[in-house]
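A short write-up of the structure that comes next.
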Number of protein chains: 4
Amino acid sequence: MSKPANPANFAPANFASDNVAGALPEVIAAVTEAASAGAMPYGNDPWTARVSARLRDVFECDLWAFPVATGTAANALALSAICPPFGTVFCHPASHANTDECGAPEFYTGGAKLTLVDGPDGKIDLAALTTAIETARPHGVHNMPPAAVTITQESEAGTVYAADHVDAIADIAKKNKLALHMDGARFANALAALDVSAADATWRRGVDVLSFGATKGGAMAAEAVIFFREELASAFGERRKRGGHLLSKMRFVSAQLEGYLGDDAWLRAARAANAGAASLAAGLTNIDGADIVRVPEANIVFAKLPLPVLDLLEADGFGFYRVGSDGTIRLVVPWSVTDADVEGLLGAVRGHIGPAV
Amino acid sequence: MSKPANPANFAPANFASDNVAGALPEVIAAVTEAASAGAMPYGNDPWTARVSARLRDVFECDLWAFPVATGTAANALALSAICPPFGTVFCHPASHANTDECGAPEFYTGGAKLTLVDGPDGKIDLAALTTAIETARPHGVHNMPPAAVTITQESEAGTVYAADHVDAIADIAKKNKLALHMDGARFANALAALDVSAADATWRRGVDVLSFGATKGGAMAAEAVIFFREELASAFGERRKRGGHLLSKMRFVSAQLEGYLGDDAWLRAARAANAGAASLAAGLTNIDGADIVRVPEANIVFAKLPLPVLDLLEADGFGFYRVGSDGTIRLVVPWSVTDADVEGLLGAVRGHIGPAV
Amino acid sequence: MSKPANPANFAPANFASDNVAGALPEVIAAVTEAASAGAMPYGNDPWTARVSARLRDVFECDLWAFPVATGTAANALALSAICPPFGTVFCHPASHANTDECGAPEFYTGGAKLTLVDGPDGKIDLAALTTAIETARPHGVHNMPPAAVTITQESEAGTVYAADHVDAIADIAKKNKLALHMDGARFANALAALDVSAADATWRRGVDVLSFGATKGGAMAAEAVIFFREELASAFGERRKRGGHLLSKMRFVSAQLEGYLGDDAWLRAARAANAGAASLAAGLTNIDGADIVRVPEANIVFAKLPLPVLDLLEADGFGFYRVGSDGTIRLVVPWSVTDADVEGLLGAVRGHIGPAV
Amino acid sequence: MSKPANPANFAPANFASDNVAGALPEVIAAVTEAASAGAMPYGNDPWTARVSARLRDVFECDLWAFPVATGTAANALALSAICPPFGTVFCHPASHANTDECGAPEFYTGGAKLTLVDGPDGKIDLAALTTAIETARPHGVHNMPPAAVTITQESEAGTVYAADHVDAIADIAKKNKLALHMDGARFANALAALDVSAADATWRRGVDVLSFGATKGGAMAAEAVIFFREELASAFGERRKRGGHLLSKMRFVSAQLEGYLGDDAWLRAARAANAGAASLAAGLTNIDGADIVRVPEANIVFAKLPLPVLDLLEADGFGFYRVGSDGTIRLVVPWSVTDADVEGLLGAVRGHIGPAV
């Protein structure tokens, strides 16, 4: 564990989150253009109209899209539209809604409960979901009635729900009259991984509402809550406004989405990130003493390295997130990744592990 | 009423809102620069640190600043930090919190009540405030206890609270143990109008929390909730997060604020808007058949014109907001206003009113 | 002002509230009987079933009744079933929901707004209601959409809405797709005053939900939220439970209602109270120096007496409530009133006013 | 399985819940007495004052007591006083707050989360609690901060926390600045089982707030939220009112509590229930083919019987609650239990199991 990882002209990459990346040039260009002229506020502008039209093209259907600035807002607002204050939302224990939103779902729904349904690889298990729904109300009004299911695509474990998995969850949801929400903070990465159309990944599978993420994928601060059923969207304008998420100069969020979606910039960015993750995983697999936890399906790699190596990597300036204390780390590969970023980390790992390990 | 207002090379200006303007070049430049490199998410970035430092300089004191993307979020979150779910906030009937936030204050506080205290020219009357507080709890726990006062600086009527007015309100608030919030969506315009320092306009007057607006003043989507008393800010991080207002790529909001505050761009922009409003009002005063409702103190002009003239102006493409049905209109002058914008409107009014009126 | 009002064997009556009275013997008998045997909890008991059946008889229609223990719960829960968290409820400024429930409507609805609509004699003015509804949403999603109207029957001013007044309010409500709630904390007094059937006073007039009060009328702690439209009641069981208002030994509330409704005890009690109020008002009218504010229509008398007389009456031990500081008082006559109670107060007033006044 | 369990003069007992019992004669007598005279409303009456005094005697300390009508209200209101809307309450998965209150804790706190901490026999495990607290906030404001712990005494499993167990939980709570709430729906049963003073079971162990139950123990509908630290109670009057839990004729709840507490009726009733449970468990243990799940520590017995026997017992008219589908049942012994009730069930079990089993 001796070779310096960090030659003079090398910048150690930050794999702590996709949020560490900047913004796509297409996004900045669109925002700059939008800044140069006047427009009516609160979404009554051409950018917002064009984004809705573009999303209809992308998803090949009629839809009701509401841009917001954060993923937490998108998720919590979406859930508030499909779950009453006294209802239950079924979600994976590792879901962002459960672990990282400081109670936003509870706040926006007005007090609903997140009921946790586990499953391997960050995905909800079908049998566990069925059991959870069936046993949710042994005492009638004493228990919070099931109202919705939310799944994360790409999941927090870096995996992707296959089409038939989503179908099966949608079936269970429909049978029990639950709405199905998809947290698509990394929707582009999932789509690139699945290599299917946006329609095939969502409403054709039975998804009712999608948090369509763009921030992680290359925007500055732009998401859209997309409803595939009009009746669910009926009061969403009011919900978004009272949450403080109706931007006065909405065009600046819409312009980001336009830049992101235009000319498939979003999919190219996602493919780059996914390819980076695959290279990173392949490289780690080839290093004695390094391991990956599972083969990454999109842009997140979970790996396991000796603790002293982690210390050295941090000292080098590499960014990643330690999961627990056994050497497991999470590496999120952003759209802006370069071959040098990946090679830089692999080289450093090799150097730190050294011939003796 | 015959002369065409709209020669070929003339674009009628939009005075519907300051939100119709684009963004200051300084803001766009800062955002573009921020997009080009990586940074840690959720405010753990150099831009956010620098904005806090810059605000401390601007306000000449220690303070606790929390950037958010919308004015509604800033107001509602600020009120939630100073009013319990069962408390009362005193506000002017015309205040944005009361009229235009679709219940965001009620939502964020968890059910608090806005108690309306009227006063001329969009400003809370001192005697009315005292009476409202004193009569708020005839029945003890049956009534919602007074918790806070919120004032709007610049007010929705285009007026500005004088220093002694704020002092008197702060005195009443302090005597009754109420916190004092200032909605500063147009704070820069007020400051430019008062020609005092930011400190003299706020904490030296007894303001506890400020919604520091930048969006209307030239940003894309950037505000900051600024606490001048640390104990009020203790759980604000959690409140902002669960409201979905902690941006993952926070630097893009902070960069806007940095661009806005840097080199006094904000004050220059506000002075330009105020000067435009003064020109507009002066011009209207000089037109027979046109009237202003009151002399504008910052960047909002209330005027009264014959209804047929309003129809013609709208047909020309001018933007403004009709207040009631008697010909009263609101003209908000944005930072981007030009002499041509003002002259264009005045010329059109003159043309439409014509010699016969 | 000299004669003692309070001979040795005389107890000065308490007109502070109808809540000062005890409970009807029929109510205590029913509760005592219910205590002597076992029963399934949470409303799965014969008392609760019988009360629903009895209410269907009383109201001559199918209905969905939910017993609760307080009037505040009945009102706030009822409003939560007909107004979304971002909606507006129109109510009179003097309504209990607005003045005396410490924000319970805001709490239970999840943040809805009470929009005040004034009118003489404690009743909502029709033109004012129409205007309030029509002007409630100048800015679309920026304003909280109208959702419901609530009226109080008997009103807090001691007046009673005539049938055509309720008809007109219901018409306005229906035209605007608002639900109509009636706060019937003193419903029995109103019914006795109007001398109509319960059906004619409610659903035949267009009332959708009634807070059917019994506590003030002679129960210990018993009310019922009665829905005349099934779809409004669909999730009320859950709402009541999560509010903590589903009593485990529900039969003890239901038994109160059964005792109250049985053999028309409730109407006899209400008629006695109303008659007492009429006697009190007539007596005061006949005393020089005493005045009534308006002729009472049910069981509440507003009177005006010299301030020194009020001091003496309070010293005697009489109970009443001062309204403002000009000598206006509110006298609520409970079901338990006796001729001696009324005569006692009148005699005391006469004595205190004296020949010289 | 042949002998009839149900001779002509025998009524099968209901062990479904302690709520199936009626009310103690002392409670009914107190209520009847309270009904016969007038009193000021909303707790400004002698009964309520006397109950507070009596509770101070019982608990040997100063305290702040707030009567309410339901246990759900007591728990949810108590938690709302010690946990902010964005906070976390640690509770056992089997706790009533988690399983049977339809989201009342979430509603009253304004959106707080219940974090489940398991442990054997219905009691929170100490190590699990420590781990849960320590791992609750890996991401700062992204996670809901720990605010309170709630334990149930007697637990839902029929067990009782020993003094040193409560001490240890209180230590953990104090070290982490969490408040400690005790759900005492069956507090009297726990006290009788522990044979200690009320003080030794609560504040001397570090309990900050107690839901003091009386309904299950023999009242009709009466509980009290008891604070042992004044600062926690500061706004509780408003919280209770806006929840609709401030009874207008409060004396009727207070009178129940007075009857319940007077002359130690509550403890005698609890001892009778506990003794009944002990007899029932002992009897079942002596029947071949019947089993108990654990030795009951207060008034709840978990037993296991052959499924056909359960069917026959239900056909007889016995009341109990099936837990799962393997023959496990819950038998709650109410204060009103008689030897005949216990013997009746045991005889029926013996008869149904028969000699052949």
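In table form, for the structure just shown:
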quantity	calculated
Residue in segment D:116-130 that is polar (S, T, N, Q), free of Cβ contacts under 8 Å to residues at least 60 places away in the same chain, surrounded by 23 or more Cβ atoms within 10 Å (Cβ to Cβ) and not in a loop (DSSP other than H, G, I, E, B) present	no
Residues that are under 12 Å from residue B:64 (Cβ atoms) and either facing chain A (nearest Cβ under 7 Å) or hydrophobic (A, V, I, L, M, F, W, C) (or both), drawn from segment B:216-260	B:224, B:225, B:226, B:227, B:228, B:232, B:233, B:235, B:236
Some residue of segment C:311-325 being part of a loop (DSSP other than H, G, I, E, B), of a type in the set (Ser, Thr, Tyr) and not assigned by TED's automatic domain parsing to the domain that holds residue C:46	yes
Qualifying residue in segment C:76-95 (condition: in contact with a Phe, Trp or Tyr (Cβ under 8 Å, 6 or more places away or on another chain), at positive phi and assigned to a loop (DSSP other than H, G, I, E, B))	no
Selection within segment B:221-257 - in a helix (DSSP H, G or I), crowded, with 24+ Cβ neighbours inside 10 Å and in contact (Cβ under 8 Å) with a residue 40 or more places away in the chain	B:239, B:240, B:251, B:252, B:253, B:254, B:255, B:256, B:257
Residue list for segment D:207-259, filter: touching a Leu at 6+ places or on another chain (Cβ under 6 Å) and over 25 Å from residue C:246 (Cβ atoms)	D:207, D:208, D:228
Among the residues listed as D:297, D:258, the single one being among the charged types (D, E, K, R) and outside the structural domain of residue D:36 (by TED's automatic domain parsing)	D:297
Tabulated pairs, segment C:136-151, first within 13 Å of chain A (Cβ to nearest Cβ) and in contact (Cβ under 8 Å) with a residue 40 or more places away in the chain, second of a type in the set (Asp, Glu) and buried (at least 21 other Cβ atoms within 10 Å of the Cβ), C-beta under 8 angstrom, 6+ apart or interchain	C:144/A:238; C:145/A:238
From D:74, D:53, D:112, D:34, residue being at pLDDT 95 or above and under 18 Å from residue D:156 (Cα atoms)	D:74
Lone qualifier among A:288, A:264 - being charged (D, E, K, R) and within 25 Å of residue A:309 (Cβ to Cβ)	A:288
All positions within segment C:160-180 that are touching a residue at least 60 places away in the same chain (Cβ under 8 Å) and closer than 20 Å to residue C:114 by Cα	C:178, C:179
Of the criteria (1) surrounded by 23 or more Cβ atoms within 10 Å (Cβ to Cβ); (2) out of contact with any Pro (no Cβ under 9 Å at 6 or more places or on another chain); (3) in contact (Cβ under 8 Å) with a residue 60 or more places away in the chain; (4) over 27 Å from residue A:44 (Cβ atoms), which one residue B:270 fails	(4)
Out of D:294, D:330, sole residue that is part of a loop (DSSP other than H, G, I, E, B) and either charged (D, E, K, R) or under 30 Å from residue B:143 (Cβ atoms) (or both)	D:294
Residues of segment C:327-357 that turn out to be crowded, with 17+ Cβ neighbours inside 10 Å, farther than 20 Å from residue C:288 by Cα and among the small types (Gly, Ala, Ser), as a count	1
Subset tally (residues that are touching a Leu at 6+ places or on another chain (Cβ under 8 Å) and crowded, with 20+ Cβ neighbours inside 10 Å) for segment B:9-34	2
Positions within segment D:8-64 being within 24 Å of residue D:298 (Cβ to Cβ), hydrophobic (A, V, I, L, M, F, W, C), facing another protein chain (nearest Cβ under 9 Å) and not in a loop (DSSP other than H, G, I, E, B), in sequence order	D:20, D:27
Qualifying residue in segment D:319-326 (condition: touching a helix residue (DSSP H, G or I) at 6+ places or on another chain (Cβ under 6 Å) and surrounded by 16 or more Cβ atoms within 10 Å (Cβ to Cβ))	no
Of all residues making up segment B:333-357, the number that are assigned to a helix (DSSP H, G or I) and under 13 Å from residue B:12 (Cα atoms)	11
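The values are calculated or read from the model by the stated rules, or taken from the named source; none is laboratory data. Please read these numbers as outputs of a predicted model, since none were measured by experiment. For neighbour counting, all protein chains shown are included, and Cβ atoms are generated from backbone atoms with ideal geometry for every residue, glycine included.
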